[in-house]
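Working notes, structure below.
The values are calculated or read from the model by the stated rules, or taken from the named source; none is laboratory data. Everything numeric here is computed off the predicted structure, so don't read it as measured data. Reconstructed Cβ throughout: ideal geometry from the backbone, glycine too, with neighbour counts over all protein chains shown. For accessibility, only protein heavy atoms count, side chains too; no ligands or nucleic acids. Shrake-Rupley method; radii C 1.70, N 1.55, O 1.52, S 1.80 Å.
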Amino acid sequence: MEHVEVVVIGGGQSGLAAAHALDRAGVKPVVLEASDRAAGSWPRYYDSLTLFSPARFSALPGLAFGGDPGRYPHRDEVAGYLDRYAARLDAEIRTGRRVARVAAEAGGRFRIEVEGGADLTAGAVVAASGSFANPYRPALPGLASFTGRLLRVAEYRSPEVFAGQRVVVVGAGNSAVQVAAELARISRTTLATRAPVKFARQHLWGRDLRFWLTRTGLDAAPLGRLLRTQPAQPVLDDGRYRTALAAGLPGRRSMFTALDGDTVTWAVERAGSVILATGYQPHLPYLAGLDGALDTAGRPRHRDGASPAHPGLAFVGLEWQRSLSSNSLRGVGRDAGQAARRLAVHLART
C-alpha cells in the first residue's frame, strides 16, 4: 500500500492553503479531492454571489488575487483563482477521490480509505473538507410534510424559476438576505427570522470593514478558543439590503409556527417554495470511527485546529477555528501555516 507523509482531505480553499503551508514547512502533501476540480464549493454557489471582502483581502498565501484590489470578486472569479492556485502548488492533487474513512494504525500512522479503492497510509492527516456538503437543517415544525418546493441555499442558483411564486427564505445571514432580496424583485418573498436582522456597515470612514479589522488585528485575533458558542455574524451591507428590507422587498417576519402541506402558518398562508439559508456544519463523516476525533454531536474536538487525541491530525477551515476569519479566503492561510508547522514537528519526531 502506498505511504505518504501527509494526506490533505479536501481540495478547496482550506485544503489548498494547507498544501501550500505544508510545502513551505518541508513536508510533501497529497491532496484528495472528491470532485473533479480543486476549487472547493465555489463553482456550485448561487450565480450572483460575490465576495464580502475586497480582492486585496481575499488572496491565499503566495498568490495575489489580481485585478482591481478594491473590487468584490464574483463567484466565477474565485473559482478561477483557486484553479490557478492549485496549478502553481508543488503538491500532488488527486481529484475524484472521496475519502470514506480514516483509521488509526500502529505507530501513530493513519490509514485513509478511499471510495473505489486506492487506499493509502500517512504519517499525518489534515481534515480540510469544509462544510458546504452538510447544510444545517433546523427543526422547524412540519418541515417534513411540506409539499411545496423545499431546498437549501446550497441548491439555489438563480431567481428566474421562482418568478411569480410565493417564496419564504429562512435565515438571517448574508446569504439569506442576499437571496431574499434577489428573489423579491420577481416573486412575493418573505424573509423568516427568529430575531431582527443585524447589519454591519461594509464601509467605515471611506474604507472597507476588512481594512479596519486587519489594521486593528481583530481579524486574526485568536478569539476562537475563548468562545463557548459561535456568535452570529451580522450581514455586511453597503446600504442596499437595509433599504430593501425597509421597503418590504423582501418583507421580514418572525419565524412561522408551522408548515403543513403547502401552507405556512403565521396566519394561514400558502407558499410555493421554502429556501433554508441556515448555515452549515463541519462535514467530517470519515472521522466518525477515529476515537476522540469528534465529539458526540459529530463536531471536531480541537484546540486551534490541533486534535488532542491524535497528534498527527489537524483541522483547517473550521468556522471560528482560531479567529473570525478562519474559514475565509483571507484568514485560512494563517491557520494552515500553524497546522503545517505543528505537523512538521510531529513527523520529524516520529
(request) Would you kindly identify the strands (runs of 3 or more DSSP E) lying entirely within region 257-329 that contain at least 2 residues that are buried (at least 22 other Cβ atoms within 10 Å of the Cβ)? (result) 273-276, 313-315
(message) Please count how many residues of region 93-128 are touching an Asp or Glu at 6+ places or on another chain (Cβ under 9 Å) and either charged (D, E, K, R) or in a loop (DSSP other than H, G, I, E, B) (or both).
(response) 9
(request) Can you tell me which residue among PRO54, PRO73 is surrounded by 18 or more Cβ atoms within 10 Å (Cβ to Cβ) and free of Cβ contacts under 8 Å to residues at least 40 places away in the same chain? (result) PRO73
(message) Name the residue that is most open to solvent (accessible area, probe 1.4 Å), counting only residues in region 330-341 that are in contact with an Asp or Glu (Cβ under 8 Å, 6 or more places away or on another chain) and under 17 Å from ARG210 (Cα atoms).
(response) ARG330
(request) Identify all residues within region 148-180 that are within 17 Å of LYS198 (Cβ to Cβ), open to solvent by 10 Å² or more (accessible area, probe 1.4 Å) and in a helix (DSSP H, G or I); write none if there are none. (result) ASN174, SER175, GLN178
(request) Would you please name the residue that is nearest to PRO54 (Cα to Cα), looking only at residues in region 205-224 that are of a type outside the set (Gly, Ala, Ser), out of contact with any helix residue (DSSP H, G or I) (no Cβ under 6 Å at 6 or more places or on another chain) and open to solvent by less than 40 Å² (accessible area, probe 1.4 Å)? (result) ASP208
(message) Take GLY26 and tell me if it is modelled with pLDDT of 95 or more, part of a loop (DSSP other than H, G, I, E, B) and surrounded by fewer than 22 Cβ atoms within 10 Å (Cβ to Cβ).
(response) yes
